[in-house]
Structure formats: structure tokens, C-alpha cells
Amino acid sequence: QVHLEESGGGSVETGGSLRLSCTASRRAFSNYAAGWFRQPPGKEREFVAAITWSGGYTYYADSVKGRFNISRDNSKDTMYLHLNHLQPEDTGVYYCNADEAIVMVTGRGGVYWGQGTQVTVSA
């Protein structure tokens, strides 16, 4: 069992930046691929970005490519998402996700989920 906790959400203006963090309870977090999903208001949850267990490979949704950056520090059992050049359409609840298989995290989502953190971008 892996408990995930997000932090770092907030409200920013268009063009602003935020850094989200996801901290895992389990010391073996390095064994898991991890990623971020988001759920805009009134819409389905969607994939945002993912990273392999080693951090060697990263994946992004087309809508955030070039603006968001995913990284991880396994020594701290923590994953990050840097959100740059934020737009109002980036508004939503951002969820941390983890699974042993990267294909799950880049798809519909893996086994473990955090509770989410709100990101609001005003025009």
C-alpha cells in the first residue's frame, strides 16, 4: 500500500507558475512509476504527465508539453510537477498517481491515488 499526498496547489494569474509536490508514505516509492492527472470543472479526469521509477523517461499530454515539467527525488520519496505559463484551461484538481507499471500511469491511471490539490488560474 502506498499513501500519496499532494501539496502546492493554489490560485495564480494567467502566465504564472506553481510547483506541485507528491510525497509517498512508502520508502519503496522508487519502485513505482508515478504521474499526475487533473480534473477540470465539469469534465473527466485526464492524464497530465508521468515519469518512470528511475526518472529516466517522462511523458506529457500534448496540452502541457513545453510548459509543465515532471521530476522526482527518490531519496525524498517525492515527485514534483512544475507548472509554467499557466492558462485558465489548466484549472482543476490535480491528482498524484502511482503504479508499478508506467503503462497504467500513462493511461487511465494506476492503483494508487492522492486526494488531490486545487489549481486555479484566473484570466
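Within the stretch 90-106, residues that are surrounded by fewer than 18 Cβ atoms within 10 Å (Cβ to Cβ) reach partners that are aromatic (Phe, Trp, Tyr) with beta carbons closer than 7 Å, at six or more positions or on different chains, in the pairs GLU100/TYR32.
Between LYS65, LYS76, the distinction of being without any contact (Cβ under 8 Å) to a residue 12 or more places away in the chain and basic (Lys, Arg) belongs to LYS65 only.
Identification of strands (runs of 3 or more DSSP E) wholly contained in the stretch 1-66 with 3 or more residues that are of a type in the set (D, E, K, R) yields no element.
Every condition in (1) surrounded by 14 or more Cβ atoms within 10 Å (Cβ to Cβ); (2) at pLDDT 95 or above; (3) polar (S, T, N, Q) is met by SER30 except one, and the failing one is (2). With respect to the stated conditions, TYR57 fails to be at pLDDT 95 or above, closer than 24 Å to SER11 by Cα and not charged (D, E, K, R). Only residues that are out of contact with any Leu (no Cβ under 7 Å at 6 or more places or on another chain) and part of a strand (DSSP E or B) were counted across the stretch 67-79, and they come to 6.
Scanning the stretch 80-123 for residues that are over 23 Å from PHE29 (Cα atoms) and part of a helix (DSSP H, G or I) yields PRO88, GLU89, ASP90.
Assess whether ASP73 counts as being open to solvent by 10 Å² or more (accessible area, probe 1.4 Å), within 15 Å of LEU20 (Cα to Cα) and at pLDDT 95 or above. Yes; evaluated as a whole, the condition is true for this residue. Taking the numbered list (1) over 13 Å from the mean Cα position of the chain (by Cα); (2) open to solvent by less than 40 Å² (accessible area, probe 1.4 Å); (3) among the small types (Gly, Ala, Ser) in turn, GLY114 passes all entries but (1). Quick check: anything in the stretch 39-52 touching a residue at least 40 places away in the same chain (Cβ under 8 Å), open to solvent by less than 20 Å² (accessible area, probe 1.4 Å) and farther than 12 Å from ALA98 by Cα? So far as the stretch 39-52 goes, yes, one or more of its residues are touching a residue at least 40 places away in the same chain (Cβ under 8 Å), open to solvent by less than 20 Å² (accessible area, probe 1.4 Å) and farther than 12 Å from ALA98 by Cα. For the stretch 80-123, taking the residues that are touching a helix residue (DSSP H, G or I) at 6+ places or on another chain (Cβ under 8 Å) and under 20 Å from GLY9 (Cα atoms), the one that is modelled with the lowest pLDDT is identified as ALA123.
Within the stretch 76-89, being polar (S, T, N, Q) and open to solvent by less than 30 Å² (accessible area, probe 1.4 Å) holds for one residue alone: THR78.
The values are calculated or read from the model by the stated rules, or taken from the named source; none is laboratory data. Every value quoted in this text rests on a predicted model; they were computed, and no experiment measured them. Virtual Cβ from ideal backbone geometry, glycine too; neighbours counted across all protein chains shown. Please note that ligands, DNA and RNA were not included when accessible areas were found on the heavy atoms of the full protein model with its side chains. Shrake-Rupley method; radii C 1.70, N 1.55, O 1.52, S 1.80 Å.
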